[in-house]
Structure formats: structure tokens, C-alpha cells
Amino acid sequence: MRQFGIGASELEAALGSINAVSAKFAVESSDIITAIQRTGGVFAAASRGVSSGKDALNEFIAVFTSVRATTRESAETIATGLRTIFTRIQRGGTIDALKEYGVALTDLEGKFVGPYEAVRRLAFGLNQLDPRDLRFGRIVEELGGFRQIGKVIPLIQQFATAQQALIVAQKGQGSLATDAATAQQALAVRISKVREEFIALIRSVGRSE
């Protein structure tokens, strides 16, 4: 809540987004929460002026999910890698280097476009390069360094997954209430069955000698 500036009234919607994404993709709710604890602050700071609150949180969930669902590395490892990438992606040297490949990470006013939009532009711009191309390798190393290559590549190549996860997160803000209602209905059915079985037991006992 503090990292993304989410108020108490928005907490249910935020948890609903996490719940919905974890139900649709190969990522656990606990993974997403761990990633938020480790990297949410960096992402929120990089998103300032572009998106905020639940919107920024949903974008972070989407980006993290695209990597987690692809690599299956631990949430802690991925979160650490993303923190490095989101920090490096805003550096002037990185932005200038990417311009050479036709990828602009700043708007017309020279301001950073935000981490989610930056990943989208990278995915679109580098889609034309063969992963075996030496230029692709240089860009990947520029973004994450040698140690984070395993996170940069799926982050770029699996952006379609991030887009899908973002849609699910946005639509799933009320999923907690829906799931709770479903659980209550299931519980009501179970209670009804127990009641019927109890009545049947009483009848059986009453009729027996």
C-alpha cells in the first residue's frame, strides 16, 4: 500500500488483481507479494508521472508474471533481477544506446515513458532482431548486465503474456468478492446436505425399535 500509494478503500481491488492473475497464470499469489516487497518500490518510483496506484501495481504484476510463468525461477531471484533492470533502463547511457536501435524510451519532452511502456517498446523494437544477432546480445547485457540475462530475455520476448496478465489484473479487481460468494454457496450446499443427513438419522433412530 505504501509503495504504490494505495488507500485502504482500494486494498480489496488490489488483492483481487493478485488473486485473479494467480488463478490464470503459472504464478502464485505469494510469489507476486514477494516480488512487490522486493521490487515494488523501484517500479512505482519509475512509473511516477505515468501511472500510479492500482494501475502501476497491475502493470508490475503483469511484468513479473510474464517472467515468472516463463522461467519458473524463484520469486526472490526474479524480483532482484527486475530491480536491476528497472534501475538500469532509466540510465542515460542505456537510453542513448537503445536509440541507435530505434527504441526510444523517452517521450517528446525527454521524460522516461515508464517501465511498462519501456518494456513494450523494447519488445516491439527488438522483435525484428534474431536472438543470435550480436546486437541483441549487446542490448540484453546493457539492460540487465551479464547476471540478469535470464530475466531480460523473457521480459522482452514474453510481453504478450504481460499484456494478457494486465487485462486479467484489471478485470479481476472484484475477484475476491466473487470467490467469496462461490465459497459461501459451496458451504451452504454442504450445510444443507449435513442437515438432510441429520434429519434422516433422527428419522431412522425414531423408527427403529
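The values are calculated or read from the model by the stated rules, or taken from the named source; none is laboratory data. For clarity, every value in this text was computed on a predicted model and none was experimentally measured. Virtual Cβ from ideal backbone geometry, glycine too; neighbours counted across all protein chains shown. Each accessible area value is taken on the protein alone, full model and side chains, heavy atoms only, with ligands, DNA and RNA left out. Shrake-Rupley method; radii C 1.70, N 1.55, O 1.52, S 1.80 Å.
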- Message: Cut-off under 17 Å on the C-alpha distance; same-chain residues fewer than 8 positions from K99 excluded. Which aspartates and glutamates are left, in chain and number order?
- Response: D107, E109, E117, E141, E142
- Report P(r) for the chain: all Cα-Cα distances, bin width 10 Å, range 0 to the bin holding the largest distance, values in whole percent. 8, 31, 28, 13, 7, 5, 4, 2, 1, 0
- Quotient of C-alpha Rg and 2.2 N^0.38 Å, computed over region 66-157: 1.02
- Message: Given an 8 Å cut-off on Cα distances and at least 6 residues of separation, report the relative contact order of the chain as a percent.
- Response: 30 percent
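With a 1.4 Å probe and all protein chains left in place, how much accessible area per residue does the chain have, in Å²? Can you show the working numbers first?
Values: 11760 Å² over 209 residues.
Normalised by residue count, the accessible surface of the chain is 56 Å².
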- In a Gaussian network model over the chain where Cα atoms closer than 10 Å are linked, find which of Q184, Q170, Q158 has the largest mean-square fluctuation. Q184
- Message: So if I restrict to the alpha-carbon atoms in region 1-60, what is the Rg, and what is Dmax, the biggest pairwise distance, in Å?
- Response: 11.0, 31
- Between D130 and Q163, Cβ-based FRET efficiency (R0 22 Å, step 0.05) works out to 0.45
- Query: Hey, any idea what % of the chain's accessible area is carbon plus sulfur with a 1.4 Å probe?
  - Reply: 52 percent
- Task: Enter the Cα centre distance for the pair region 188-203 and region 32-70, rounded to the nearest angstrom.
- Result: 48 Å
- Straight-line reach from K54: which lysines have Cα under 23 Å away, leaving out those fewer than 8 places along the same chain? K24, K111, K171
